[in-house]
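Written below as structure tokens is the structure these notes are about.
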Amino acid sequence: MENLDIVKIPILEVITLKLYSLFWGSLFLIKHLVKNLWISNSKENSGNPPDCLIDNSLGHHSYIKLKEVKFHYIEAGEKRNPLVIMLHGFPDCWISWHYQIPVLAKHFRVIAMDMKGFGDSDKPQSKSSYGVQKLAKEFNDLITLLGYRRCIIIGHDIGALFGWFIVHLYPDIVEKFVAISAPHPNLYWSTLPSTSEFNLRWVQFCQLPELPELKALDGNLTILNKVYPHLVNNSRCQEYLEAYKYAFARKEDWTGAINYFRTFPYWRLNIYESYQVSTLLIAGNKDKSVLIESIIQSTDFIEKFSLKVINNASHFPHQEQPEEVNKILLNFLTGNQNIVADVQKPSNQGLVNRMFGAVSNTVKYGNNVFDIVHKKTNGLTARALGYDS
């Protein structure tokens, strides 16, 4: 039965995406032919993984098996506490949350996932295994199997994008939602800046088989140095960079991850009313991978939200400014309002005014204030899909 809550992009956009993929693929072949493109430069993981990937000090390494997929995750905190599921981005794994796990585990049962296709979770190679509705159903089944009816979702990048789908398709299982560096799916793909390593050109290129994986492996994984400059430039974080290079050393390590780019861009959410799930949006003020305007515009889809811009942070604020982000997360998740200022705004306030208010508050108060806005928005579906004039 067709799910009317999720809609595919128009056929013309599909064709355009495919045509651009052929164009970028041809350029890639020409550019890299002299580098022996057809000689695989993938390599087997050599030696033991870095200690941080197998260290039990952050929590227990566990596995859970659903009908078609097995997930690996790190678990910390008391099982009687509320459940927090942490979903990493691309290219990433559970280690992304190493600063957050011990802090949140004092209050919650924390599960930091290796998402399907990443890390030590199963990595089916077919892109059909990464359909949005299939992944969402698996997530719903996972929560049930863990013995919970509801959870808190904290996502970053692709993980947060997936979280938006969960909030929409299975709102009853989500108590609170935190989206870090990821606008709403109806805005995500149309607002990717050209400065992003994984920009629109990358999305188009990823529609081809094999070639994106080869590009990712090219130059001994130099792509990871570009994605994680805050690790490259910090001698104390070299172990984490090596962990990423270990986790993405082989072609099959990339295929499952890249399959998210082969499926997610084709789907949008059909919005009938604004979300009732309490949502926290976090973005770095130096992020070149997403537009801050798209983060702010995402509040059009939410009834109650908190917005925080982190100073001196780019696409990984939870890694770059962990103390500040942890403080904000605890305030939002536990209800501690010691540093939170509530701001009531008129329900008919437009996007420009909301943007001005959010940005001006950030400039005026720095990292001590973020907005909580209660509002109602009409005509969401038309604007979300870009059909209103």
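A short reminder: the numbers here are calculations on the coordinates, not readings from a lab. For clarity, every value in this text was computed on a predicted model and none was experimentally measured.
Less than 12 Å apart at the alpha-carbon level, and either on another chain or at least 8 residues along: which aspartates and glutamates does that give for LYS65? List returned: ASP122, GLU138, ASP141. Hey, what did the range 86-163 get for relative contact order, percent, Cα under 8 Å, at least 6 apart? Answer for the range 86-163 is 43 percent. Under conditions of 10 °C and 1.306 mPa s, the range 229-337 yields 95 µm² s⁻¹ as its translational diffusion coefficient, taking Rh as the Kirkwood radius over Cα pairs in the Stokes-Einstein equation. Distance from the Cα centre of the range 234-296 to that of the range 77-104, in angstrom? Distance between centres, Cα-based: 15 Å.
Listed cross-link partners LYS31/LYS251; LYS176/LYS251; LYS18/LYS226; LYS286/LYS327 are compared with a 29 Å cut-off, the Cα-Cα value being larger for LYS176/LYS251. Considering the range 64-148 at the alpha-carbon level, its Rg and Dmax are found to be 12.9, 39 Å. For the range 99-143, the C-alpha radius of gyration sits at 1.43 times the compact-globule guess of 2.2 N^0.38 Å, with N the residue count. Taking amide H atoms as placed 1.01 Å from N in the peptide plane, the amide H of LEU87 lies under 5 Å from those of ILE154, GLY155, HIS156, each 5 or more residues away in sequence or on another chain. Percent of C-alpha pairs per 5 Å bin in the range 126-246, short distances first: 2, 9, 14, 17, 18, 17, 14, 8, 1, 0.
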